[in-house]
Amino acid sequence: MKEEKITKIKHRMEKWLDNGDWKIYKAIRYTPLSGGKLLRSSIILNIGKDLGIDDEDLLDLCVAVEFFHSGTLIHDDLPAIDDASFRRGKKANHKVFGENIAILAGDGLFFKSFIIISEKYPKLVFDFSKVAYDVLVGEAIDVELEEKQVYTEKDIYEMYRKKTGALFGFSFMAAARLEERRFWRKLKEIGESFGIAFQIYDDIKDIKGEFEKVGKDLGKDINKKTILKLKSIKQAEYEANEIYKKVIDNLVFYGLNRTADFLKSVQNMVKEG
């Protein structure tokens, strides 16, 4: 995304974030303002451009999605889940503010995202609520799979589709839903598929990635149930590449050429960083 758009989104984030001396305000601000590639926001804005929607009309939507995503990252890094120390090249939220405040900061970002959606985009409240539930279930499946001795490829992909794919599905379809385009449900499916490819790449990065590029703890998933427990890295990467290509082809089919070109341009970043 162009620097000017990143700056616009960050300024809009600042508008929605509270200031104060209490630690909770600092913790809520810490993760969404600590960097990140804003990939979900980029998808929202590019699809918006393809549909003739001005960026200004979608900035608050971008903020809501980024706040929600940041909340999931805070909770994902907690000792009870992934027990990670770094995120986006900086100390994880709970390493700075403590577990108790980090849990509440994640909750606060979830609530703040719903405040934004309900105030600015009431048409999307149901869809966003469904996403929130799906992400929770996906995270729970991820945790439960660690205890399972017998599991299938279907189990892994169900977890990927909910944990990662749900929010991407929303990011792909939200602008079209606002415009009442008939293909918004198809865009949701395309986004969920993109999320699966994204998660496969993420699993590969956990093994092959570099901290300087990825910005988080690596090797943490070595004992987790990922697709790499059932397929080789080469097989998994080939599958992710095929899914990614199909996503781009489908976007072109629906006339979303700007978004298709954007995803082509960032594929290496998605794979490596």
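Key figures for this structure:
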quantity: Residues located in region 108-129, provided they are closer than 20 Å to ARG181 by Cα and either under 16 Å from the mean Cα position of the chain (by Cα) or surrounded by 15 or more Cβ atoms within 10 Å (Cβ to Cβ) (or both); calculated: ILE117, LYS120, TYR121, LEU124, ASP127, PHE128
quantity: Residue match in region 191-202 (condition: modelled with pLDDT under 95 and under 24 Å from VAL137 (Cα atoms)); calculated: yes
quantity: Some residue of region 170-191 being among the charged types (D, E, K, R), part of a helix (DSSP H, G or I), under 12 Å from the mean Cα position of the chain (by Cα) and within 19 Å of LYS245 (Cα to Cα); calculated: no
quantity: Residue under evaluation GLY52, criteria (1) part of a loop (DSSP other than H, G, I, E, B); (2) farther than 24 Å from GLN199 by Cα; (3) within 19 Å of the chain's Cα centre (by Cα), criterion not met; calculated: (3)
quantity: Residue among ALA84, ALA105, ALA64, ALA132 that alone is surrounded by 17 or more Cβ atoms within 10 Å (Cβ to Cβ), in contact (Cβ under 8 Å) with a residue 60 or more places away in the chain and not in a helix (DSSP H, G or I); calculated: ALA84
quantity: Of all residues making up region 22-49, the number that are touching a residue at least 12 places away in the same chain (Cβ under 8 Å) and either over 17 Å from GLU99 (Cα atoms) or outside any helix (DSSP H, G or I) (or both); calculated: 19
quantity: Every residue from region 47-100 that is basic (Lys, Arg) and either within 18 Å of THR164 (Cβ to Cβ) or in contact with a Pro (Cβ under 7 Å, 6 or more places away or on another chain) (or both); calculated: ARG87, ARG88
quantity: Subset of region 138-151 that is of a type outside the set (Phe, Trp, Tyr) and in contact (Cβ under 8 Å) with a residue 12 or more places away in the chain - its residue that is farthest from GLU192 (Cα to Cα); calculated: LYS148
quantity: Flag if SER113 is polar (S, T, N, Q), touching a helix residue (DSSP H, G or I) at 6+ places or on another chain (Cβ under 8 Å) and touching a residue at least 60 places away in the same chain (Cβ under 8 Å); calculated: no
quantity: Total residues in region 55-84, condition in contact with a strand residue (DSSP E or B) (Cβ under 7 Å, 6 or more places away or on another chain) and of a type outside the set (A, V, I, L, M, F, W, C); calculated: 1
quantity: Residue list for region 1-43, filter: over 19 Å from the mean Cα position of the chain (by Cα) and among the small types (Gly, Ala, Ser); calculated: GLY20, ALA27
quantity: Number of the condition not met by GLY219 [criteria: (1) modelled with pLDDT under 90; (2) assigned to a helix (DSSP H, G or I); (3) among the small types (Gly, Ala, Ser)]; calculated: (2)
quantity: Residue in region 1-17 that is aromatic (Phe, Trp, Tyr) and without any contact (Cβ under 8 Å) to a residue 60 or more places away in the chain present; calculated: no
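The values are calculated or read from the model by the stated rules, or taken from the named source; none is laboratory data. The model shown is predicted, which means the values in this text are computed figures rather than measured ones. In this analysis, Cβ positions are derived from the backbone assuming ideal geometry, glycine residues included, and neighbour counts consider all displayed protein chains.
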